[in-house]
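Only the coordinates and a few stated rules stand behind these numbers; no lab work does. Source: prediction; values computed, not measured. In this analysis, Cβ positions are derived from the backbone assuming ideal geometry, glycine residues included, and neighbour counts consider all displayed protein chains.
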Amino acid sequence: MEHGGDRSGSRLPFDPLHSIARQHHFAGKWIRHRSWYPSWILHLLRKGCDRYESRIVNDHIVLDGPTGCLKNPMVHYNYRGIEWYFDRHNAYSSMEAIEAYRILSQRNENKK
């Protein structure tokens, strides 16, 4: 998700949509690199300021307004282990591939 708001702190009374940086911990360590941190997720939504596009993996939120950002991260600890992580990653990557194929097939049908 692209972040379009000010990351300097919370403006909760003013912005209808707010992102929170998720701070992932895996195997007892904070994962600070790549796309793991900050992993911005939209968590605080005012009713009527968003809509959803249905997808196989996690509905996609389409924003209808500016976003703010909360100052402190949400700390997430994962105790499930590496096997769970790989199983989950494989399942999600397969579903994303199906979704990409569906979208490309629709585009090709619309061109005809």
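Numbers at a glance
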| item | result |
| --- | --- |
| Other-chain or far-sequence residues with amide H under 5 Å of SER39's (modelled H) | ARG22 |
| Computed Kirkwood radius, in angstrom, where 1/r is averaged over Cα pairs of region 22-84 | 14.0 |
| Förster-model FRET efficiency, 35 Å R0, HIS43 and LYS112, C-beta, rounded to 0.05 | 0.30 |
